[in-house]
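Here's the structure we're looking at; comments come further down.
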């Protein structure tokens with residue numbers, strides 16, 4: 001924080017690079033000799049206090065926005081990976097439980113054992129899951145077809161524009 005040589009303005013600078021200038025309204029004024037004496041020293045003091053920072057010219061260095069986006073993307077990937085690991089653990093636990101139930105059934109007397117068909121999933125649930133999978137695949141195919149058509153149209157427009165430009169250039173020569 002510093003006053004200008006004539007005390008008309010107050011300058012403030014922050015570590016984040018912000019600089020603010022405020023017009024002052026002091027009721028008392030300083031003598032002209034004081035103003036002249038301070039004018040030169042304040043400029044030198046300010047120059048010494050301000051640390052000059054160089055621009056980052058390395059293209060591999062992230063900008064502030066890129067760093068924020070990268071951090072957010074990393075956070076999302078980490079959360080997704082944690083969720084996948086939890087689902088994998090749950091599936092492993094269910095498989096272990098299922099295997100234990102099958103083994104317990106095998107150790108029972110023959111008339112009390114569960115048949116292999118009784119361990120199978122209800123056919124209606126299986127059909128429902130197959131239908132959901134088919135619907136998702138159909139949706140993905142339609143989205144991919146739309147994207148493909150979009151890019152195809154863009155390519156045709158670009159080719160048409162470039163061909164017309166070449167013809168025009170050749171005609172002018």
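Miscellaneous remarks
- From the list 102, 85, the one residue that fits, being under 43 Å from the mean Cα position of the chain (by Cα), assigned to a helix (DSSP H, G or I) and surrounded by 10 or more Cβ atoms within 10 Å (Cβ to Cβ), is 85.
- Among the conditions (1) modelled with pLDDT of 90 or more; (2) surrounded by fewer than 10 Cβ atoms within 10 Å (Cβ to Cβ), the only one that residue 130 does not satisfy is (2).
- Residue match in segment 146-165 (condition: at pLDDT below 95 and not in a helix (DSSP H, G or I)): no
- Index of the failed condition, residue 30 passing every other in (1) part of a loop (DSSP other than H, G, I, E, B); (2) at pLDDT 70 or above: (2)
The values are calculated or read from the model by the stated rules, or taken from the named source; none is laboratory data. The structure displayed is predicted, hence computed values, not measured ones. Here the Cβ is made from the backbone with ideal geometry for all residues, glycine too, and neighbour counts use every protein chain on show.
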